1. Go through region B:1-59 and report how many residues are more than 11 Å from the chain's Cα centre (by Cα), among the aromatic types (Phe, Trp, Tyr) and surrounded by 12 or more Cβ atoms within 10 Å (Cβ to Cβ).
2. Is it true that some residue in region B:100-110 is in a strand (DSSP E or B), open to solvent by less than 60 Å² (accessible area, probe 1.4 Å) and among the aliphatic types (A, V, I, L, M)?
3. Out of (1) touching a strand residue (DSSP E or B) at 6+ places or on another chain (Cβ under 7 Å); (2) within 14 Å of chain B (Cβ to nearest Cβ), what's the single condition that is false for A:SER30?
4. For residues in region A:10-27 being part of a loop (DSSP other than H, G, I, E, B) and open to solvent by 70 Å² or more (accessible area, probe 1.4 Å), which is nearest to the other protein chains (Cβ to nearest Cβ)?
5. Here is a check on your reading of the model: is A:ALA92 within 13 Å of another protein chain (Cβ to nearest Cβ) and not in a loop (DSSP other than H, G, I, E, B)?
6. What are the residues in region B:60-84 that are polar (S, T, N, Q), modelled with pLDDT of 95 or more and not in a strand (DSSP E or B), if any?
7. If I go through region B:61-83 residue by residue, how many of them are more than 22 Å from B:ALA3 (Cβ to Cβ), open to solvent by 50 Å² or more (accessible area, probe 1.4 Å) and free of Cβ contacts under 8 Å to residues at least 24 places away in the same chain?
8. Among A:GLY62, A:GLY53, which is the only one that is at pLDDT 95 or above and either in contact with a helix residue (DSSP H, G or I) (Cβ under 8 Å, 6 or more places away or on another chain) or open to solvent by 20 Å² or more (accessible area, probe 1.4 Å) (or both)?
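The values are calculated or read from the model by the stated rules, or taken from the named source; none is laboratory data. Here the structure is a predicted model, which is why all the values come from computation and not from measurement. Positions of Cβ are generated from backbone atoms using ideal geometry, with glycine treated the same way; all protein chains shown enter the neighbour counts. The area values use the complete protein model at the heavy-atom level, side chains included, leaving out ligands, DNA and RNA. Shrake-Rupley method; radii C 1.70, N 1.55, O 1.52, S 1.80 Å.
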Amino acid sequence: AQSVTQLDSQVPVFEEAPVELRCNYSSSVSVYLFWYVQYPNQGLQLLLKYLSGSTLVKGINGFEAEFNKSQTSFHLRKPSVHISDTAEYFCAVSPPGKLIFGQGTTLQVKP
Amino acid sequence: DTAVSQTPKYLVTQMGNDKSIKCEQNLGHDTMYWYKQDSKKFLKIMFSYNNKELIINETVPNRFSPKSPDKAHLNLHINSLELGDSAVYFCASSQEPTGLAGVNEQFFGPGTRLTVL
C-alpha cells in the first residue's frame, strides 16, 4: 500500500523568506509524485509533478521540489514567498487510477 | 472557459434528504473522479470512472451512487443524507487513469460544499 505523510500541518513564514514544505511517501513500487495547491475556497491546482529522470522538478509560481529516493521524500521549496502564496499545499502519490493525498500543509505568509 | 465545472457550489439540506451534485469537463478526458474533503481538509478518493465504466470504488457507503451518462459528465447522487456527509466534494478528470500507462495528471473542479443539518 502507498501512503503520504506531510510532516508539518502549518508553516508560518514571513514574506520574501524561503520556505520548505516536507513530504515523505511510502511505496513498494515506482510512483508518480505531485504537489497541488488549494487557495481559499477554490479547487486544487497542480504545482508540479515528478515522473522520472532529474530529481529536481520545477513548477509554477517559482516552486520546485526535490525527489530523494533513498529518503523517500519529495519536499517542496520556494526561495522567496509572497503573501499570495498563502494556501493549503498537498503532496500526493499515484497508485494506478487514483491519487493518495497527504494531510496538507497550511502555508501562512506574513507581511 | 472552465475546464472542470461542478454544480451547485453550495448545497445545504436536511438529514435524510436525497441530493445530487453534477460535474462536467470540457477537456476531452476519458477518466473522471470524485474526492471528498473533510473538515480537516483531508482529501480521499471516492470513485473513479474511465470511459463511463466504474474502475475504483473506495468502500464508499452505497448511499452514494455515481453515474456517468457520457465521458464528459460524472454525477454524484447521495441518498438519505447524514450529518457525516457534510464535506467539500471535488470532481476531477484526467486523460486516462492517473499513474496507469503514464502520469495523466488530474484537473480539479472548484468543489461543492455540502452541509447537512
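1. Within region B:1-59, residues that are more than 11 Å from the chain's Cα centre (by Cα), among the aromatic types (Phe, Trp, Tyr) and surrounded by 12 or more Cβ atoms within 10 Å (Cβ to Cβ) number 1.
2. Within region B:100-110, the first condition is being in a strand (DSSP E or B), and the residues that meet it are B:107-108.
Applying the additional criterion that residues be open to solvent by less than 60 Å² (accessible area, probe 1.4 Å) yields B:108.
Cutting the leftovers down to among the aliphatic types (A, V, I, L, M) gives us none.
No, region B:100-110 contains no residue that is in a strand (DSSP E or B), open to solvent by less than 60 Å² (accessible area, probe 1.4 Å) and among the aliphatic types (A, V, I, L, M).
3. That leaves (1) as the condition not met.
4. We begin by selecting, within region A:10-27, every residue part of a loop (DSSP other than H, G, I, E, B); these are A:15-18, A:22, A:27.
Adding the requirement that they be open to solvent by 70 Å² or more (accessible area, probe 1.4 Å) leaves A:15-16, A:18, A:22.
Details: A:GLU15: 23, A:GLU16: 26, A:PRO18: 24, A:ARG22: 17 Å.
By that ranking, first place goes to A:ARG22.
5. Details: within 13 Å of another protein chain (Cβ to nearest Cβ): yes; not in a loop (DSSP other than H, G, I, E, B): yes.
Here the answer is yes, as A:ALA92 does meet what is asked.
6. Within region B:60-84, B:ASN79, B:SER80 meet the criteria.
7. First, the residues of region B:61-83 that are more than 22 Å from B:ALA3 (Cβ to Cβ): B:61-65, B:77-83.
If we keep only those that are open to solvent by 50 Å² or more (accessible area, probe 1.4 Å) too, we end up with B:61-62, B:77, B:79-80, B:82-83.
Applying the additional criterion that residues be free of Cβ contacts under 8 Å to residues at least 24 places away in the same chain yields B:61-62.
Number of matching residues: 2.
8. Working: A:GLY53 fails: at pLDDT 95 or above.
After applying the criteria, what remains is A:GLY62.
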